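Undergrad: To start, I am sharing the structure in question, which I have written as structure tokens.
The values are calculated or read from the model by the stated rules, or taken from the named source; none is laboratory data. This is a predicted model, so every value here is computed, not measured. All Cβ positions, glycine included, derive from the backbone under ideal geometry; neighbour counts span all protein chains shown.
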DNA sequence: CTGAAAGCGCTTACAG
DNA sequence: CTGAAAGCGCTTACAG
């Protein structure tokens, strides 16, 4: 394995000069630089990042913690994060973090505590105070994309507004009997994503002088297709009064709900209007109206913040206003129509 | 940042002893070990992996290269890989590798060439000879899960057999006019996944004395839902004779095809039987018959091979027979029925 | 512009 | 069972 000393010897300079020539830090005579570069190329020299990290204290690695990798939204984010990180010459260390428990503790207490990452990007995770404290203690930048947690830079769409907009769209179409399929924990934790979307729903309803008629109109389930399907069957299969429109907390839930409607012989949008949140890649094909967001771009933006906190990039580049929510837009397709009277 | 010298001082031992006590390598008196452990816990000491790597030459990190993270199959694999790697105390460095080109070269020439990973796990990538050579040169284990490439340990289902089985299932139900939606490049590269599945299809057809009637019966498209939708419209919208059954190279393609059929007023399975490959999480909900595989388990198995090549785990643990294909099974649901006569 | 030297934080023969 | 010393492969003040 070629070391920098080999390069130095071949180029007839000291290790220090070779290092400077290759890294671009410090002044080196152009002719010398050329000789060093040729020597390096000749023996296929690649610097050992570990050795460099040891002295610089920087690993050029960002740790990404994420609750699912096989869910559309997170996959998109991850792809945007990876692309942006690699373009900046950074490695991406991936950590899948589930529900609180031993495995999760291990990620925080062991993997993230070591000096292996320069920063942590937390995607869609509800960070507990102790976890955030443990990260802060390391004195490394922590950036949150979605999820919840206080004290770190956080980027997110306005989930409450998204829920409100989706609901208002349905109200605007003349619906009044509107149900909501919320994500798990929506009622218990009003500040996490499911809770915020649910609040938007409730606020829009009460602003319209409508209160969901009892608990039956807000069901909680996993924000996945099966979650939407199961809770959809529960909602639509009930012999009582049926809603004419449903706002689901995610597009995947909406797909499940549509499937459930199909099974029960309920036509969308004839008998039932459906709106989701996300802008899932399948939404267009299914004609799903949705409040769209761009997870890939969000991942790229979040990495941009991480990089700036690490002092990379144009010096003067200011941090984006993390107070401003990430963009969303209403995309109306065929799943929502004016209520027939 | 606490260093091992701090631990040593606090425990009243040398750095060498502290290192041995903490790592468990080499003999240390039980009482000494206890004192060192308490000292470490007291100051929250965590060893620097970079420093350790420098001397041991091992990074306890595996590089994973993958062509998509936001496709169901790959997401599942990645989750299985991540879980298994973390359980073994390894970090996962993620590299998204696309079509040949500058970005892809950068991953091989820069990121993977450094001494940062102990092994490389390539998931579903068709590795070129030069790329494989570049990895081999590093003298690190390389394991392939799916995809193609020669000279490295490779785990995969038998894609040809999967294509054959799917086709035979349709033949068995009395279908003879059967079309195939293949993945991109199937005809050009018979040894990569799309090509192997296509070969299985063609072999089963000719064994039954049937030849697909011209090119129209084998279309190529992206192995995604939109790919299946577009090529499905092309196939089913054609005014000529229509197939009574279709074998799609993936479940996601099948979903797209079913959507296309729906749009054209063709009933599944009444007018058209459909079978896919994968065992996608949505397959059950859509009633899709499929040749199921378990990507999560495959990822875990592949990591097992990597770990054994790295000398981890029970010594005597033999390598699994990489000649034997990974398991698949036919799951019959409502999308395939006997041809009405 | 260049070099000699120190040092980043560990682990591992080598002695004892 | 334990310690002193060397060294992994770099980078960075410090001189010159």
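Undergrad: Could you tell me how many of the residues in region B:20-55 are surrounded by 13 or more Cβ atoms within 10 Å (Cβ to Cβ), over 19 Å from residue A:58 (Cα atoms) and near DNA strand D (Cβ under 8 Å from one of its atoms)?
TA: 5
Undergrad: Scan region A:242-272 for residues that are free of Cβ contacts under 8 Å to residues at least 40 places away in the same chain, within 14 Å of chain B (Cβ to nearest Cβ) and assigned to a loop (DSSP other than H, G, I, E, B) and report the count.
TA: Of the residues in region A:242-272, 1 are free of Cβ contacts under 8 Å to residues at least 40 places away in the same chain, within 14 Å of chain B (Cβ to nearest Cβ) and assigned to a loop (DSSP other than H, G, I, E, B).
Undergrad: Continuing with the same structure: Is there any pair linking a residue in region A:15-37 that is over 20 Å from residue A:3 (Cβ atoms) to one that is within 11 Å of DNA strand D (Cβ to nearest atom) and at pLDDT 90 or above, with Cβ under 8 Å and at least six apart or on different chains, and which?
TA: A:27/A:20
Undergrad: A further question follows. Could you run through region B:83-102 and say how many residues are surrounded by fewer than 23 Cβ atoms within 10 Å (Cβ to Cβ), more than 19 Å from residue A:296 (Cβ to Cβ) and at the interface with chain A (Cβ under 10 Å from one of its Cβ atoms)?
TA: The number of residues fulfilling the criteria is 5.
Undergrad: What's the number of the condition residue A:79 fails, among (1) within 16 Å of DNA strand C (Cβ to nearest atom); (2) surrounded by fewer than 21 Cβ atoms within 10 Å (Cβ to Cβ)?
TA: Result: residue A:79 fails condition (1) only.
Undergrad: Then there's this: In region B:48-60, what count of residues is obtained for those that are more than 7 Å from chain A (Cβ to nearest Cβ) and within 6 Å of DNA strand C (Cβ to nearest atom)?
TA: 3
Undergrad: Same structure again: Go through the residues of region A:211-220 one by one and say whether even a single one is buried (at least 19 other Cβ atoms within 10 Å of the Cβ), free of Cβ contacts under 8 Å to residues at least 40 places away in the same chain, over 21 Å from residue A:339 (Cα atoms) and away from chain B (no Cβ under 12 Å).
TA: yes
Undergrad: Within 29 Å of residue A:301 (Cβ to Cβ), away from every other protein chain (no Cβ under 14 Å) and more than 9 Å from DNA strand C (Cβ to nearest atom): is that true of residue A:63 in this structure?
TA: Criteria not met by residue A:63.
Undergrad: Residue A:58 - would you say it is surrounded by fewer than 17 Cβ atoms within 10 Å (Cβ to Cβ), more than 8 Å from DNA strand D (Cβ to nearest atom), modelled with pLDDT of 90 or more and within 39 Å of the chain's Cα centre (by Cα)?
TA: Yes, satisfied.
Undergrad: Go through region B:75-183 and tell me which strands (runs of 3 or more DSSP E), entirely inside it, have 1 or more residues that are farther than 25 Å from residue A:93 by Cα.
TA: The strands (runs of 3 or more DSSP E) meeting that bar are B:178-183.
Undergrad: Moving on to the next point. What is the residue count in region B:66-82 for residues that are more than 7 Å from chain A (Cβ to nearest Cβ) and in contact with a strand residue (DSSP E or B) (Cβ under 9 Å, 6 or more places away or on another chain)?
TA: Going through region B:66-82 one residue at a time, the tally reaches 7.
Undergrad: Right, residue B:23: within 12 Å of DNA strand C (Cβ to nearest atom) and within 11 Å of chain A (Cβ to nearest Cβ) or not?
TA: In short, no.
Undergrad: Select from region A:113-150 the residues that are away from chain B (no Cβ under 14 Å) and farther than 20 Å from residue A:67 by Cβ and list them in ascending order.
TA: Result: A:141, single match.
Undergrad: Can I ask one more? Tell me which residues, restricted to region A:62-89, are more than 19 Å from residue B:76 (Cα to Cα) and either within 15 Å of DNA strand D (Cβ to nearest atom) or free of Cβ contacts under 8 Å to residues at least 40 places away in the same chain (or both).
TA: Within region A:62-89, A:86, A:87, A:89 qualify.
Undergrad: Next question. Check residue B:39 against each of (1) within 14 Å of chain A (Cβ to nearest Cβ); (2) in contact with a helix residue (DSSP H, G or I) (Cβ under 9 Å, 6 or more places away or on another chain) and name the one condition it does not meet.
TA: Status for residue B:39: all satisfied but (1).
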